[in-house]
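The values are calculated or read from the model by the stated rules, or taken from the named source; none is laboratory data. On a predicted model such as this, the values are computed, not experimentally measured, just so you know. Here the Cβ is made from the backbone with ideal geometry for all residues, glycine too, and neighbour counts use every protein chain on show. For accessibility, only protein heavy atoms count, side chains too; no ligands or nucleic acids. Shrake-Rupley method; radii C 1.70, N 1.55, O 1.52, S 1.80 Å.
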Amino acid sequence: MDNLLSVKQRFGIIGHSPLLDRALSTAVRVANTDLTVLITGESGVGKEVFSKIIHALSARKHNQFIAINCGAIPEGTINSELFGHEKGSFTGATSERKGYFESYDGGTIFLDEIAEMPMDTQAYLLRILESGEFIRVGSNKTVRTDVRIIAATNVDLEDRIKKGKFREDLYFRLNTVSITVPALRDRADDVYLLFRKFASDFAERHRSATVQLDERAQMLIKTYTWPGNVRELKNVAERVSVLSEERVITAEALMEIEPRISTRNLPALVGNGTDAPGNMQERDILYKFLFEMKQDLNDLKSLVFELIKSNDLRVTDLRPFRSLEPPRSMMPSPESRFNYPSNKETVPLHNGLADEEDYAEDLNPQVIIPQVMPEHKTAASSAFGSVEILDDNYRIEDHEKNLIQKALRKYKGRRKEAAKELGISERTLYRKIKQYDL
């Protein structure tokens, strides 16, 4: 911990985030080795600062260090810039030239935005990592070099590999040790500390008073997402220092100078042209399931009341049935009667159910549950066919799997027709079949 504190003080690292400490600790541990390091993180988080820390703490610290932005060098000249060229090797090559790998032999080369490196240049770099050798453009002589390579990227290299834009073998050679520099939004407690540092540095350079933020303004900058990370925060601190007449900045004054500081990026359903329709189709399956479940429940209610009306049913308490109001097309007529085991006159039905207060005293307390006589085969049972008993399973995945199974059985495994019936694409259906192991 003391070692990390001294490193922070030496290199001006501000913050106490555990994610930042973990990244810094990895950089310190790997510095004394010659291992290749891959630094990942969003744009503006300070990846180049970490590369300089690694070089400054390594055995190469007395040799040269250079940072190269691979995305800023044109594709036609990057091989010459990195590996050099011979005289006359291409138009404009009036003399031979040493590349960075030859000029900085014994030092450290930081390759920023490594994902933007052309494929043929990646092959050159792979050979250097494997054997320490390369060939100048237009030459047939092998040149040896001893440089340490630190690479950085703000994109997903594995995704670039899938798209055929980055060599997989080069990725594994670069990724010997990986350091992930956290985004500023993941270091909320460090935001105001950094703001004060940048504001103080600006005031010292321009010999002015340092601006400060009140509590509400501090909350604003802590909850902002900072898409530009530390670089954006530094710009905001300097802009506020210049444009504000007051030295204590309120939330209102801060929003006036930086209107976007009050914006919040709430979660939203996103997707590209391929994924978005799939998301909609999965939602359609859920809606279809809910509508079918509602229809099945209504059918079950209707069947219960038909059985009550058509069979010798004995009931002690109708309160459990009060919530089971059937569709009006299935309601019995007002002249319908329940047959109670009593010598008294039967009670008229209201909406298919007798009023509790009218018949409560006439019920036989010995009869406790509704029973349908087994010898009666009613028309209702054949009309409704088999009845599914509702259980307490409310897992959407189980019901979605059940719907897919029914559709496949209906169309005898023909997936195209089953997908059309479910209202989803065949691709989504194939994925669901694999997901549920159908």
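Across q = 0.27 Å⁻¹, the stretch 51-90 modelled as identical point scatterers on its alpha-carbon atoms has Debye log10 I(q)/I(0) values of -0.89, in the order of the q list. For the stretch 99-241, the solvent-accessible area with a 1.4 angstrom probe is 48 square angstrom per residue. Counting only heavy atoms of the protein chains and using a 1.4 Å probe, Ser43 has close to 50 Å² of accessible surface.
For Met119, Met219, Met255, the ranking by accessible surface with the largest value first comes to Met219, Met119, Met255, using a 1.4 Å probe.
Of the whole protein surface, His85 contributes about 10 Å² of accessible area at a 1.4 Å probe radius.
On the stretch 1-144, 48 percent of the accessible area sits on carbon and sulfur atoms, based on a 1.4 Å probe.
Quick check: at a probe of 1.4 Å, how many percent of the accessible area of the stretch 150-199 sits on carbon and sulfur atoms? Show your work: numbers first, answer last.
Working: 1030 of 2490 Å².
Here carbon and sulfur together make up 41 percent of the probe-accessible area.
The smallest convex shape that holds all Cα atoms of the stretch 112-181, its convex hull, gives 96 Å³ per residue.
In whole angstrom, the stretch 101-148 maps to an equivalent ellipsoid with semi-axes of 17, 15, 9, each derived as √(5λ) from the alpha carbon gyration tensor and ordered largest first. The modelled label-to-label distance between Asp156 and Val49, using points 7 Å beyond Cα along the C-beta direction, is 2.7 nm. For the set Tyr436, Tyr100, the ranking by accessible area, highest first and with no ligand, DNA or RNA atoms included, is Tyr100, Tyr436 under a 1.4 Å probe. Relative to its Kirkwood radius, the Cα radius of gyration of the stretch 164-261 gives an Rg/Rh of 1.17.
Pairwise alpha-carbon distances in the stretch 150-191 exceed 12 Å for 67% of all pairs.
Once all protein chains are placed together, Lys87 keeps about 150 Å² accessible to a 1.4 angstrom probe. Pairs with C-alpha atoms separated by more than 20 Å, drawn from the list Lys301/Lys401; Lys288/Lys410; Lys162/Lys401; Lys288/Lys416; Lys52/Lys165, are Lys301/Lys401; Lys162/Lys401; Lys52/Lys165. Across the stretch 1-92, the convex hull enclosing all Cα atoms gives 136 Å³ per residue.
At 1.4 Å probe size, with every protein chain present, just tell me what the per residue accessible area of the stretch 35-91 comes to in Å².
That works out to 45 Å² for each residue.
If the chain between Lys61 and Ile135 were fully stretched, how many nm would it gain, using 0.36 nm times the residue separation less the Cα-Cα distance?
Working: separation 74, 0.36 × 74 = 26.64 nm, distance 2.67 nm.
Answer, rounded to one decimal: 24.0 nm.
The largest accessible area among Leu5, Leu129 belongs to the first residue in Leu5, Leu129, and the rest follow in falling order (1.4 Å probe, all chains). Between Arg414 and Ser95, the modelled labels are 7.9 nm apart [label points 7 Å from Cα along Cα→Cβ].
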